[in-house]
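Enquirer: Okay, here's the structure, questions in a sec.
Bear in mind these aren't lab numbers, they're just calculated from the coordinates by the rules spelled out. The model shown is predicted, which means the values in this text are computed figures rather than measured ones. Virtual Cβ from ideal backbone geometry, glycine too; neighbours counted across all protein chains shown.
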Amino acid sequence: MCTVVIRVPESADEPTRVLAVRDEDPARPWNPLGRWWPEAHHGVVGVRDVRAGGAWLAADPAAGRLAVLLNRADVDMRPESELVSRGGLVLDAVAGHLPGDEPPTHGFNLVEVDGGRTRVRMWDGESLRTVELAPGTHMIAHDDVDDPATPRIARWLGEFQATPPAAEGKWWMPWVEVLARSAELAPTDDDAIIRDNRPYGYPTLSLLACVATVSAHDVDVHYGELAEPGRWGGLHLD
């Protein structure tokens with residue numbers, strides 16, 4: 001139940017801004033932002049899932065590409081033995097490879113940023129849909145883009161839209177301030193962005209966040225972990 005906020009520019013010559021909050025089982029190990037695939041994906045940086053070897057978020061700065069994965073409910077009836085980890089989709093995306101029409105994975109929302117353009121591929125186990133995002137600020141979680149049926153989107157999308165990133169320096173701070181206001185809610189609240197999903201039957205809590213500036217020829221990514229899973233205590237992004 002991760003959350004992504006993204007500002008798509010009016011012109012493809014301008015950068016895209018991304019804020020991504022990761023929800024995952026704290027017991028599932030990960031590597032922080034780094035170059036974890038030097039042979040297969042030279043130059044790619046990302047947050048690596050230790051168990052399966054793929055990525056939650058990855059970027060190829062030289063290509064001006066970034067991708068991040070959000071889980072989505074699905075109706076796929078294939079046995080687990082026929083499915084593969086979704087983390088490989090992220091690495092494929094930053095390499096410019098598209099998923100097939102019937103990905104052998106559980107459901108996902110795959111956010112793909114290519115310079116000033118962004119698309120979201122949505123797989124629910126039956127169909128793979130692709131949406132090109134219009135200029136402006138959008139939110140994605142576990143359902144459709146800007147979905148008003150998702151409580152945290154209904155509650156906070158307007159706040160992010162009304163809070164543009166700073167023009168220079170730590171551009172993400174206005175958005176982090178929105179995150180801080182959202183964290184005044186209990187992490188089990190449907191409207192919360194910083195989350196504890198265990199009461200809903202998922203072992204996942206908000207663990208970390210990344211912010212990124214994506215242009216045609218560069219990606220600048222910063223990473224920070226919450227001091228305590230599912231609890232807001234500020235966020236220092238390196």
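Enquirer: At 7 Å along the Cα-to-beta-carbon direction for both residue 12 and residue 25, put a label point, then send me their distance in nm to one decimal.
Expert: Between residue 12 and residue 25, the label points sit 4.2 nm apart.
Enquirer: Let me ask something else about it. Within the stretch 110-124, list the residues whose amide N lies under 19 Å from a label point set 7 Å along Cα→Cβ of residue 202.
Expert: Label zone hits: 110-112, 120-124.
Enquirer: Something else about it: Ratio of alpha-carbon Rg to the 2.2 N^0.38 Å globular estimate for the chain, to two decimals, please.
Expert: So the Cα radius of gyration is 0.93 times the expected 2.2 N^0.38 Å.
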